[in-house]
Every structure is written in structure tokens, then in C-alpha cells.
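Below: the structure, in C-alpha cells.
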Amino acid sequence: SVHVQPGDDVRAGEELAELEDLDALAAVARLETEQAESESRLIGLCRERFQAPEAGAQITQVRELLHSIDEQLSRRNADIQRLRLTSPRGGTIFAPPDVPELPGNRTELGTWSGSPLDRCNGGCYLPPGTTFCLVGDPNQWEAVLAIDERDIELVHVGDEVEIKLDALPLDTLTGR
């Protein structure tokens, strides 16, 4: 579920979205079942150890298994917590660069396009590393420019510059 839209102001730590990983949820459910079964098994072995000596030897193995399950469960729950996207800082929400629509056969299942913030992309699969949104100050911009070594002597620190952006074709930004 997406809780913000471009132009919204957010505070540091505010929740932006909650993603869902069905594989992780299924793994947690499976691990919780294994944990409950192992705990029951351990209780049974503790009761049996006085009548059956081999039960005492299995207690250590079941405890080790329970410890392993607890660690896996802890890692999976941490993975699920990371699916709650929060703002790293206060500022304004900006949509990330659009993902272009890939041409393809209409009978094949396609991938999403546009922005993860678009309503039509609700429920889509976001691969790891996908930029969900940007948070910043709309009044502060920074540009990075690569200059060919043949032109480097034409540029000096402090020179005034004009910048044209594809996203703002009618505007000219100025700076130093």
C-alpha cells in the first residue's frame, strides 16, 4: 500500500509504503509451524527422557534445531520489516524517473511501467533495487556534468551556468 504521492511533504521516519513479499510470508508461516512442532517434540522428549534413555540424546538435537529455526525466523521477520519503506529525511516526495513500457506480445504477462507511485501499478512486483520515490527539497538542485577533456579549459569554478532539463523543457535553470 502506498501512503504518499508526488508533492506530499513528509517527516523523517514517516512511512511511505508497505510492500508485501508473499514468499517471505509463506516462509515465516512454515518456520512458525516447524517451531511449534519442534517445541512440542522437545516437551515430549523431556517427559520421556526418564523412561527412554535415547530420548535424552535427542533433546540436544531438537534444541539445536529450535535455535536454528529461531535464527531463520528472526532473519525472515527482519526482511518483512524492511518492506515498510520510511522516509530517510524530511522533505517533499518526488516520483522516480519513469520506467518505460516495454514493447511486447499482448498475450504475454508484462512488467509494470511508469512510476511505482502510479495507482495502476498497485500490487505490481518491484524488483530489488527499484527506486520507489525520491525525498528532497524542491528549492535545492544539484547537477553533475561530465565535460570532455577538450573543453575543460573553457569551464572555471564559479562560472555562471544555464541548465535545460528534459523534464522541464520550457524552463532554464541557472547556477554556478
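The values are calculated or read from the model by the stated rules, or taken from the named source; none is laboratory data. Since the structure is predicted, the reported quantities are computational estimates derived from the model, not experimental observations. Note that we place each Cβ from the backbone using ideal geometry, even for glycine, and neighbour counts take in every protein chain shown. Please note that ligands, DNA and RNA were not included when accessible areas were found on the heavy atoms of the full protein model with its side chains. Shrake-Rupley method; radii C 1.70, N 1.55, O 1.52, S 1.80 Å.
Cβ-Cβ distances below 9 Å connect the following pairs, each with a first residue in segment 79-103 that is acidic (D, E), a second residue that is in a strand (DSSP E or B), and a separation of six or more residues or different chains: D98/G114; E101/G114.
For every residue, the table says whether it meets (1) among the hydrophobic types (A, V, I, L, M, F, W, C); (2) within 32 Å of the chain's Cα centre (by Cα).
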{"residue": "D8", "(1), (2)": "no, yes"}
{"residue": "G13", "(1), (2)": "no, yes"}
{"residue": "L22", "(1), (2)": "yes, yes"}
{"residue": "L31", "(1), (2)": "yes, yes"}
{"residue": "E34", "(1), (2)": "no, yes"}
{"residue": "R47", "(1), (2)": "no, no"}
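Just give me the residues in segment 1-17 being within 14 Å of R119 (Cα to Cα), in contact with a strand residue (DSSP E or B) (Cβ under 6 Å, 6 or more places away or on another chain), assigned to a loop (DSSP other than H, G, I, E, B) and open to solvent by 50 Å² or more (accessible area, probe 1.4 Å), in sequence order. Working first, answer last.
Pass one, segment 1-17, residues within 14 Å of R119 (Cα to Cα): 1-6, 17.
After this cut, where a residue has to be in contact with a strand residue (DSSP E or B) (Cβ under 6 Å, 6 or more places away or on another chain) as well, the list is 1-4, 6, 17.
From what's left, assigned to a loop (DSSP other than H, G, I, E, B): 1, 3-4, 6.
Correct list: S1, H3, P6.
If D79 meets every condition in (1) modelled with pLDDT of 90 or more; (2) out of contact with any helix residue (DSSP H, G or I) (no Cβ under 6 Å at 6 or more places or on another chain) apart from one, which number is that one? All conditions pass for D79, except number (2). Of all residues in segment 28-84, exactly one satisfies the criterion of being basic (K, R) and touching an Asp or Glu at 6+ places or on another chain (Cβ under 7 Å), namely R84.
Put simply, of E20, E34 the only residue that is of a type outside the set (G, A, S) and open to solvent by 80 Å² or more (accessible area, probe 1.4 Å) is E20. Inside segment 45-68, can you point out the residues that are part of a helix (DSSP H, G or I), modelled with pLDDT under 85 and open to solvent by 100 Å² or more (accessible area, probe 1.4 Å)? Passing the criteria: R47, P53, E54. Among the residues of segment 127-162, those that are under 26 Å from D9 (Cα atoms) and surrounded by 10 or more Cβ atoms within 10 Å (Cβ to Cβ) comprise T130, T131, F132, C133, L134, V135, G136, D137, P138, W141.
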